[in-house]
Amino acid sequence: MILSNGDHWEPEEQDILAWQQAYKKVDVYGELDAMACWCEANPSKRKTKKGIKRFVNSWLNRANQAGGSPFLEKPKEGDPLPVKRWTMLDMLTHDYMDSPEFRLKMLNEHGQYMDSRGVRHVRN
């Protein structure tokens, strides 16, 4: 994140872990990305090295109180999963060619496949 003096600030891993514990409804990494974009777009409102953690905590607290990060909402059955939430198994079983044979093979081998729209189908 860019600071008021032009320096860049990166949170320490221990801070990220503490924020994830404190703000359970929030995607901390996603919100940090949003904060970085906000700081880039608002040069006159950038924070100092001394005030950046207070800014981050306030942002995360507001997001948590507002119900959490919108990209953490669980999709309804049949809705595509955002790529950010795909697992490696989703990538492996992604049927981008709409092949019934591939889908059957992935169901038999892995118990799931992702269709071309990004909807996860799991063997019942």
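The values are calculated or read from the model by the stated rules, or taken from the named source; none is laboratory data. Please read these numbers as outputs of a predicted model, since none were measured by experiment. No Cβ is skipped: glycine too gets one built from the backbone with ideal geometry, and neighbour counts run over all protein chains shown.
Residue pairs whose Cβ atoms lie under 6 Å apart, separated by 6 or more positions or on different chains, with the first residue in the range 3-22 and within 13 Å of CYS39 (Cβ to Cβ) and without any contact (Cβ under 8 Å) to a residue 60 or more places away in the chain and the second of a type in the set (Phe, Trp, Tyr) and surrounded by 11 or more Cβ atoms within 10 Å (Cβ to Cβ), are LEU3/TRP9.
Would you point out which residue out of ARG62, ARG117, ARG103, ARG54 is on the phi < 0 side of the Ramachandran plot, surrounded by 10 or more Cβ atoms within 10 Å (Cβ to Cβ) and not in a helix (DSSP H, G or I)?
ARG117
Considering the conditions (1) more than 30 Å from GLY6 (Cα to Cα); (2) among the aliphatic types (A, V, I, L, M); (3) at pLDDT 90 or above, ALA63 is excluded by exactly one of them, (1).
Taking first residues from the range 85-105 that are at pLDDT 90 or above and partners that are acidic (Asp, Glu) and surrounded by 13 or more Cβ atoms within 10 Å (Cβ to Cβ), the Cβ contacts under 6 Å between residues at least 6 apart in sequence or on separate chains come to ASP95/ASP115; PHE102/ASP95; ARG103/ASP95. Considering only residues in the range 12-39 that are among the aromatic types (Phe, Trp, Tyr), in a helix (DSSP H, G or I) and out of contact with any Lys or Arg (no Cβ under 9 Å at 6 or more places or on another chain), the one that is modelled with the highest pLDDT turns out to be TRP19.
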